[in-house]
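The values are calculated or read from the model by the stated rules, or taken from the named source; none is laboratory data. The structure presented is a predicted model; accordingly, all values stated were derived computationally and were not measured. Neighbour counts are summed over all protein chains in view; Cβ atoms, including those assigned to glycine, are modelled from backbone coordinates with ideal geometry.
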C-alpha cells in the first residue's frame, strides 16, 4: 500500500525511480516523459530553427544551430529556492520562461526540439555522474565523438553550455566518463 502510494506520488509529480551507476536506488525527474509530453508544443521553435538553415544543408546544420542556441541559455544548477523551485530541474517550458537551466533540463529541452524536428531519428540521453548530454543516430563524420549502444552508433552532443561546444564534440571530462564506462543511457521515444 505504501509503495503504491509512493509510486502514484512520483508519477503525479513527474518523477521516476532509477538505479544509479553504483547500484543505488534513487529518484529523478521523468526526463523521457517530459520530452514525450512537450515536443509537440515546441514544434514552432523547432521549425523556426529549420527556417534559418539553408535547405541544401543536412540535419547536422540544424542540430548545430539548435544546440548552440540552447547552450547560450544561462546555466543555473536550479538548487536555489529563491531563484527556482530548488529541485535541480526545470521542464522545457519552465526553462524557456525562466531563461536558465542545468544540464539535464537543457538536455530534455534539446531532446524535445530534436524529436519535434526529426521524429524518426533515434535519440538517447546519456547520464554521467553529475552531468547529462544527448546522442543522435545521424550520419557521423570522422571527428565526431560517438557512442555505440545496442549496435547503433550515436553522435554525442552537449547542449549544456555556456561553452559553445560544436555538435559532435564533448568536453574532456565527458570523454573520460564515456571511455571508462561511467554512464547510463535512456532511449528517447
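General remarks:
- Residue list for the range 1-23, restricted to those being within 22 Å of the chain's Cα centre (by Cα), exposed (fewer than 12 other Cβ atoms within 10 Å of the Cβ) and either outside any loop (DSSP other than H, G, I, E, B) or modelled with pLDDT of 90 or more (or both): 12, 13, 19
- Helices (runs of 4 or more DSSP H) fully within the range 29-73 counting 3 or more residues that are in contact (Cβ under 8 Å) with a residue 12 or more places away in the chain, closer than 10 Å to residue 113 by Cα and out of contact with any strand residue (DSSP E or B) (no Cβ under 8 Å at 6 or more places or on another chain): 43-52
- Under the condition of being more than 21 Å from residue 95 (Cα to Cα) and either at pLDDT below 85 or surrounded by 11 or more Cβ atoms within 10 Å (Cβ to Cβ) (or both), the residues counted in the range 25-49 number 0.
- With respect to (1) surrounded by 13 or more Cβ atoms within 10 Å (Cβ to Cβ); (2) under 25 Å from residue 18 (Cα atoms); (3) free of Cβ contacts under 8 Å to residues at least 60 places away in the same chain, the lone exception for residue 150 is condition (1).
- Residue among 77, 72, 120 that alone is within 27 Å of residue 23 (Cα to Cα) and surrounded by fewer than 20 Cβ atoms within 10 Å (Cβ to Cβ): 77
- Matching residues in the range 153-176 - criterion: being over 21 Å from residue 113 (Cα atoms) and surrounded by fewer than 20 Cβ atoms within 10 Å (Cβ to Cβ): 171, 172, 173, 175, 176
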